[in-house]
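Peer 1: Have a look at the structure that comes next, please.
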């Protein structure tokens, strides 16, 4: 069946068969996953919507690094959006008291930072919100974000129109 040159039936290389099978598996995986959004699934293209991101337990200088109008980018340099609002809240620390009990107290040095971005993209009825064509954003998602003054892993809190 396989000759001394590694060809199947003397005509087809085993390596060629492996490449064809790998390509077929990739196509099948893409089709099973659902492919990309079709025009019928897109509710609104070039739609403006808002994304609230948060990062917990940052120092005060990270809060001070955010300004309204800053542009936030995703790790692969894709634009996420423009900062339209931001706020911070006290973070919690777990502190051991002298008697050994643990209590949750407001942290003196750490803050939880929230940032609202105005994003541009499309909205799909089946899959939700997409920024810059292919960056799918959903609540709970972790995104590596960078701006001119901040670099952080932030969690998507909410996405709304």
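Peer 1: I'd like to check something: does segment 138-159 contain any residue that is under 16 Å from the mean Cα position of the chain (by Cα), assigned to a strand (DSSP E or B) and at positive phi?
Peer 2: As a first pass, look at segment 138-159 and keep what is under 16 Å from the mean Cα position of the chain (by Cα): 138-147, 151-159.
After this cut, where a residue has to be assigned to a strand (DSSP E or B) as well, the list is 142-146, 151-159.
Narrowing further to those that are at positive phi: none.
Taking every residue of segment 138-159 in turn, none turns out to be under 16 Å from the mean Cα position of the chain (by Cα), assigned to a strand (DSSP E or B) and at positive phi.
Peer 1: Take residue 107 and decide whether it is under 18 Å from residue 63 (Cα atoms) and not in a strand (DSSP E or B).
Peer 2: Details: under 18 Å from residue 63 (Cα atoms): yes; not in a strand (DSSP E or B): no.
Criteria not met by residue 107.
Peer 1: Another question, then. From the list 100, 133, which residue is over 24 Å from residue 59 (Cα atoms), at pLDDT below 90 and not in a strand (DSSP E or B)?
Peer 2: 133
Peer 1: Checking the structure you have, find out if any residue of segment 59-69 is touching a residue at least 12 places away in the same chain (Cβ under 8 Å), within 19 Å of the chain's Cα centre (by Cα), surrounded by fewer than 17 Cβ atoms within 10 Å (Cβ to Cβ) and not in a loop (DSSP other than H, G, I, E, B). So that I can check it myself, show each step before the final result.
Peer 2: Here is the first cut: in segment 59-69, the ones touching a residue at least 12 places away in the same chain (Cβ under 8 Å) are 59-60, 62-63, 65-69.
Filter again for within 19 Å of the chain's Cα centre (by Cα), leaving none.
Within segment 59-69, not a single residue is touching a residue at least 12 places away in the same chain (Cβ under 8 Å), within 19 Å of the chain's Cα centre (by Cα), surrounded by fewer than 17 Cβ atoms within 10 Å (Cβ to Cβ) and not in a loop (DSSP other than H, G, I, E, B).
Peer 1: For residue 92, are the conditions met, namely being closer than 27 Å to residue 61 by Cβ and assigned by TED's automatic domain parsing to the domain that holds residue 58? Reasoning before the result, please.
Peer 2: Values: closer than 27 Å to residue 61 by Cβ: yes; assigned by TED's automatic domain parsing to the domain that holds residue 58: yes.
Considered against the rule, which asks whether it is closer than 27 Å to residue 61 by Cβ and assigned by TED's automatic domain parsing to the domain that holds residue 58, residue 92 comes out as yes.
Peer 1: Scan segment 73-81 and give yes if some residue there is part of a strand (DSSP E or B) and without any contact (Cβ under 8 Å) to a residue 60 or more places away in the chain, otherwise no.
Peer 2: Among the residues of segment 73-81, at least one is part of a strand (DSSP E or B) and without any contact (Cβ under 8 Å) to a residue 60 or more places away in the chain, which makes the answer yes.
Peer 1: Scan segment 84-102 for residues that are over 30 Å from the mean Cα position of the chain (by Cα) and surrounded by 10 or more Cβ atoms within 10 Å (Cβ to Cβ) and report the count. Explain how you work it out, then say what you get.
Peer 2: Applying the first criterion (over 30 Å from the mean Cα position of the chain (by Cα)) to segment 84-102 yields 95-102.
With surrounded by 10 or more Cβ atoms within 10 Å (Cβ to Cβ) added as a condition, the list becomes 95.
Going through segment 84-102 one residue at a time, the tally reaches 1.
The values are calculated or read from the model by the stated rules, or taken from the named source; none is laboratory data. All of these numbers come straight from a predicted model, not from anything done at the bench. In this analysis, Cβ positions are derived from the backbone assuming ideal geometry, glycine residues included, and neighbour counts consider all displayed protein chains.
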